[in-house]
1. For segment 275-295, state whether one or more residues are more than 22 Å from the chain's Cα centre (by Cα) and within 30 Å of N177 (Cα to Cα).
2. From the list A351, A304, pick out the single residue that is farther than 19 Å from Q47 by Cα and under 22 Å from the mean Cα position of the chain (by Cα).
3. Which of the residues spanning segment 303-317 are of a type in the set (A, V, I, L, M, F, W, C) and either away from the ligand (no atom under 16 Å from the Cβ) or touching a strand residue (DSSP E or B) at 6+ places or on another chain (Cβ under 8 Å) (or both)?
4. Only one of V348, V303, V326, V403 is aliphatic (A, V, I, L, M), surrounded by 18 or more Cβ atoms within 10 Å (Cβ to Cβ) and within 21 Å of D262 (Cβ to Cβ). Can you tell me which?
5. May I ask you to verify whether I374 is β-branched (V, I, T), part of a loop (DSSP other than H, G, I, E, B) and closer than 30 Å to Y134 by Cα?
6. Of all residues in segment 135-154 being among the β-branched types (V, I, T) and not in a loop (DSSP other than H, G, I, E, B), which is farthest from E386 (Cα to Cα)?
7. Have a look at R164, R156 and point out the one that is within 14 Å of the ligand (Cβ to nearest atom), over 17 Å from L50 (Cα atoms) and among the charged types (D, E, K, R).
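Only the coordinates and a few stated rules stand behind these numbers; no lab work does. Just so you know, these numbers come straight off a predicted model, no measurement behind them. Heads up, the Cβs are rebuilt from the backbone with ideal geometry, glycines too, and the neighbour counts pull from every protein chain shown.
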Amino acid sequence: MPQDKMEKPYLVTCTAPVNIAVIKYWGKRNEELILPINSSLSVTLHQDQLKTTTTVATSKSFHEDRLWLNGKEEDINHPRLQSCLREIRRLARKRHNDGDPDSSDSTGLSQKVRICSVNNFPTAAGLASSAAGYACLVYSLAQAFGVEGELSAIARQGSGSACRSIYGGFVQWIMGNKDDGKDSLAQQVEPETHWPELRIFVLVASAERKPIGSTSGMQTSVQTSRLLKHRAESVVPSRMVEMIEAVRRKDFPAFAELTMKDSNQFHATCLDTYPPIFYLNSVSQQVIHLVHRYNKYYGETRVAYSFDAGPNAVIFTLQEYASEFVRVVQHFFPSDTNGEGFIKGLPVKSATLSEELKQGIGLEPMPKGINYIISTKAGPGPRVVEDSSQHLLSSEGLPKKTV
Ligand code: 2P0
């Protein structure tokens, strides 16, 4: 082969999901290895609605590693990205040295990579884009380098919450106690098929960048909040046990109450941080009131909310209550686009609201408080995309025009 002839790259494309924690991770005991101060538990959201897609290309002709995110070339020398690349290459080398005949050949191991990644939702809108992003990166690199096995500890080194996006359904991140982090791993508690009646709605209040990123926010919390220390040591361990039980039993009221209490305590630790951190806004507060008044009206817990490092609410409910509650949201957050386009994702049946229910809730409507709703459910973990027309990189290893 002539020197200047480009060797066609090997391409692999994967997708990975977003996850929403119902027992929150907030605070690290080791910044570099990303080891948390408490365990956490999340629900993986369905990729039909929210996902990251990543293509990894390898070729002998590439002279350097390169990265494109949402259509823009980015610096590949980001320390966390480098940790993930280094760990995958280490595992691939180990597999090769152990003599696995299916592993990449030694020339494959030294090849440079090109990575191209896109989200189908706004980045940094508080929708855990780093979780889906790093889970997808690590899963795709593992495919490209022929690495199998435990990937959550590698994804964790990209972004803590990313380790939970390596699995579908209900997932716990066990904090571990080793200094090297080898026991700080994600584990599936139940698969996505376990609780088909569970419905999830993301109420998108704002698509703006969050004011304080999670990484620096949780650093300040660890340094200044005694409430966070109390939470990690004395609250979360028993909550994890109760939450796992509630999920296993499909006990919605128990699941819902723990979810709301844990979200509230996370935001309380943000307020206990000095200087304080505010992620909730007036729309978030209205959603909290709405959920509690709705549950009170029926005299049982039918709906729960959870908020991450931003003002968007994630609503959990059961299929039988879903259409009425969405109508309630539309009534109390009237919007210009209240009809077509307001609800994206899984269809929601129409429902009528009684005057009694509206009056029972008794809140002042907040026009345009919510931009749109993403209607979804629990979903599976990362997947390989078999259709080669879906690669984000061309056969020359450059982003396709559509990316
Ligand atoms: C969680 N969050 O458990 C919590 C709840 C936000 C609130 O994990 O520094 O982006 O990359 O490990 O994972 C957000 O933090 O932070 C987060 P790093 P990450 O989902």
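1. For segment 275-295, residues more than 22 Å from the chain's Cα centre (by Cα) and within 30 Å of N177 (Cα to Cα): present.
2. On the way: A351 fails: under 22 Å from the mean Cα position of the chain (by Cα).
Going through A351, A304 in turn, the sole match is A304.
3. Taking segment 303-317 first, the residues of a type in the set (A, V, I, L, M, F, W, C) are 303-304, 307, 309, 313-316.
Correct list: V303, A304, F307, A313, V314, I315, F316.
4. Working: V348 fails: within 21 Å of D262 (Cβ to Cβ); V326 fails: within 21 Å of D262 (Cβ to Cβ); V403 fails: within 21 Å of D262 (Cβ to Cβ).
Within the list V348, V303, V326, V403, the selection yields V303.
5. On the way: β-branched (V, I, T): yes; part of a loop (DSSP other than H, G, I, E, B): no; closer than 30 Å to Y134 by Cα: yes.
Spelling it out, it is not the case that I374 is β-branched (V, I, T), part of a loop (DSSP other than H, G, I, E, B) and closer than 30 Å to Y134 by Cα.
6. Quick first cut of segment 135-154, residues among the β-branched types (V, I, T) only: 138, 147, 154.
From the residues that got through so far, the ones that are not in a loop (DSSP other than H, G, I, E, B) too are 138, 154.
Values: V138: 18, I154: 24 Å.
Among those that are among the β-branched types (V, I, T) and not in a loop (DSSP other than H, G, I, E, B), it is I154.
7. Numbers: R164 fails: over 17 Å from L50 (Cα atoms).
Among R164, R156, only R156 is within 14 Å of the ligand (Cβ to nearest atom), over 17 Å from L50 (Cα atoms) and among the charged types (D, E, K, R).
Yes or no, residue by residue, for (1) farther than 19 Å from Y372 by Cβ; (2) touching a residue at least 24 places away in the same chain (Cβ under 8 Å); (3) surrounded by fewer than 22 Cβ atoms within 10 Å (Cβ to Cβ):
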{"residue": "K261", "(1), (2), (3)": "yes, no, yes"}
{"residue": "F266", "(1), (2), (3)": "yes, yes, no"}
{"residue": "T269", "(1), (2), (3)": "yes, yes, no"}
{"residue": "Y274", "(1), (2), (3)": "yes, yes, yes"}
{"residue": "V291", "(1), (2), (3)": "no, yes, no"}
{"residue": "G299", "(1), (2), (3)": "yes, no, yes"}
